[in-house]
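Quick notes on the structure that follows.
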Amino acid sequence: MESGAHSATMETGWGGGAAPFGASWQKTMMWIFIVTDALLFSGLLCGYAFLRQANSAPWPDRTEVFSIPFIALMTFILITSSATMGSAVTAARLGDMKKALMYVSMTIVGGAAFLSCQAYEWSHLIHEGARLTGPIAGSELIEKGVTPQFTQAFFVLTGFHGSHVLSGLVILIITAIRTSMGKTPPQGVEMAGLYWHFVDLVWVFIFTLFYLL
Amino acid sequence: MSEHAPGANPYKIYWVTWGILLVITVAMLGAEMFHLPRLFLVLFLLAFMMVKAAMIGGNFMHLRFERSNLSWMVALGILVTSLILYTFITPESWHVKATSAPAAEVPSESTH
């Protein structure tokens, strides 16, 4: 009896009878997830703002610590992968799953390239003596004015973002495999796309607030 | 330029958006290089960060084409909550800075 009532709810989708957002429940749930995940990054960025504003030592010059052209390249890769993902969603909606698969594959290449760049950036900084708890004693980073607050903010922000890129990549690979098997509905590509664009959106904020500002 | 006829080329909007995002990114990097006055630079970067976010949310994530209920819930939900959080922690960070300033001067090499 309980399962009967449950399936009736599933059929109407909302139980309340109306779809206030004019979107399928899948898309609505995806958006609610994105809002909560955005608030995670909002919290992390505010934590970074706190560390930076409460720090009485001057904040290190990012152009000395990082190679800004390299960060710009990472940004370019991510923006491009977002554009190919948008094209994949449109191709899927138009019913051209072959084209959708091609664009999803291009997005996977872009995501992998971004993660490789980030792995290089991390290993480079760790090699220079950066740790989550701060620069190690005697490293040249200290001469550049790098503080523990700086490395904490760097590793936590880019680490959380990178983990999102990685999970987005896994979602995209699953989507690509299922699309090639003919199992992904157009909306499945759209859901994966929403998540991927969200990862790009978060990078816009990290790039501006951490690397440039 | 801002008109995208949905019938003509459905892929165009993504590549136009891509181009705009790229131009804005280059402009932000350029502003960083020219050593503009700090306040002007901060305002410039924050303004274009929001433009980029709106471009991605609106065109890539299709918020422009969803029912306005959904778009407002998402945009205002995130923005207002973030602003409240930031507004509440900022005075506390100033307080921490003011009270910890003497201790921080000891290991610092700077003379001021």
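The values are calculated or read from the model by the stated rules, or taken from the named source; none is laboratory data. No experiment lies behind these values; they were computed from the predicted model shown. Virtual Cβ from ideal backbone geometry, glycine too; neighbours counted across all protein chains shown.
Against the definition (hydrophobic (A, V, I, L, M, F, W, C), over 24 Å from A:Ala91 (Cβ atoms) and outside any helix (DSSP H, G or I)), how does A:Val146 come out, yes or no? Answer is yes for this residue.
Residue-wise test of (1) modelled with pLDDT of 95 or more; (2) in contact with a helix residue (DSSP H, G or I) (Cβ under 8 Å, 6 or more places away or on another chain); (3) in the same structural domain as B:His35 (by TED's automatic domain parsing).
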{"position": "B:Leu46", "(1), (2), (3)": "yes, yes, yes"}
{"position": "B:Val51", "(1), (2), (3)": "yes, yes, yes"}
{"position": "B:Val74", "(1), (2), (3)": "no, yes, no"}
{"position": "B:Ser82", "(1), (2), (3)": "yes, yes, no"}
{"position": "B:Thr87", "(1), (2), (3)": "yes, no, no"}
{"position": "B:Ser93", "(1), (2), (3)": "no, yes, no"}
{"position": "B:Glu105", "(1), (2), (3)": "no, no, no"}
{"position": "B:Thr111", "(1), (2), (3)": "no, no, no"}
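When A:Glu128 is tested against the conditions (1) closer than 21 Å to B:Met28 by Cβ; (2) charged (D, E, K, R); (3) away from every other protein chain (no Cβ under 14 Å), the lone failure is (1). Take the conditions (1) over 23 Å from A:Arg178 (Cβ atoms); (2) within 8 Å of chain B (Cβ to nearest Cβ); A:Met85 misses just one of them, which is (1).
The rows are residues; the columns are (1) out of contact with any Phe, Trp or Tyr (no Cβ under 7 Å at 6 or more places or on another chain); (2) over 23 Å from B:Gly19 (Cα atoms); (3) at pLDDT 95 or above; (4) not hydroxyl-bearing (Ser, Thr, Tyr).
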position	(1), (2), (3), (4)
A:Glu64	yes, yes, no, yes
A:Leu73	yes, no, yes, yes
A:Ser87	no, no, yes, no
A:Gly110	yes, no, yes, yes
A:Leu115	yes, no, yes, yes
A:Ala119	yes, yes, yes, yes
A:Ala130	yes, yes, no, yes
A:Gly134	yes, yes, no, yes
A:Lys144	yes, yes, no, yes
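Note on region B:30-43: among residues that are in a helix (DSSP H, G or I) and more than 14 Å from the chain's Cα centre (by Cα), the one that is nearest to the other protein chains (Cβ to nearest Cβ) is B:Glu32. For region A:18-39, name all the residues that are part of a loop (DSSP other than H, G, I, E, B) and more than 10 Å from chain B (Cβ to nearest Cβ). Result: A:Ala18, A:Ser24. I'd like the full set of residues that are at pLDDT below 95, over 17 Å from A:Met102 (Cβ atoms) and within 14 Å of another protein chain (Cβ to nearest Cβ), limited to region A:167-190. Result: A:Gln187, single match.
Within region A:173-181, does at least one residue satisfy the condition of being touching a Gly at 6+ places or on another chain (Cβ under 6 Å), within 28 Å of A:Ser123 (Cβ to Cβ) and either surrounded by fewer than 19 Cβ atoms within 10 Å (Cβ to Cβ) or of a type outside the set (S, T, N, Q) (or both)? Looking through region A:173-181, none of the residues is touching a Gly at 6+ places or on another chain (Cβ under 6 Å), within 28 Å of A:Ser123 (Cβ to Cβ) and either surrounded by fewer than 19 Cβ atoms within 10 Å (Cβ to Cβ) or of a type outside the set (S, T, N, Q) (or both). Among the residues of region A:44-75 satisfying the criterion of being free of Cβ contacts under 8 Å to residues at least 24 places away in the same chain and more than 7 Å from chain B (Cβ to nearest Cβ), which is farthest from A:Phe155 (Cα to Cα)? Result: A:Pro69.
Being more than 7 Å from chain A (Cβ to nearest Cβ) and not in a helix (DSSP H, G or I) is the filter here, so list the residues in region B:44-91 that pass it. Matches in region B:44-91: B:His62 only. Could you identify the single residue in A:Leu157, A:Leu169, A:Leu213, A:Leu201 that is surrounded by fewer than 19 Cβ atoms within 10 Å (Cβ to Cβ) and either more than 25 Å from A:Leu132 (Cβ to Cβ) or among the aliphatic types (A, V, I, L, M) (or both)? The conditions single out A:Leu213.
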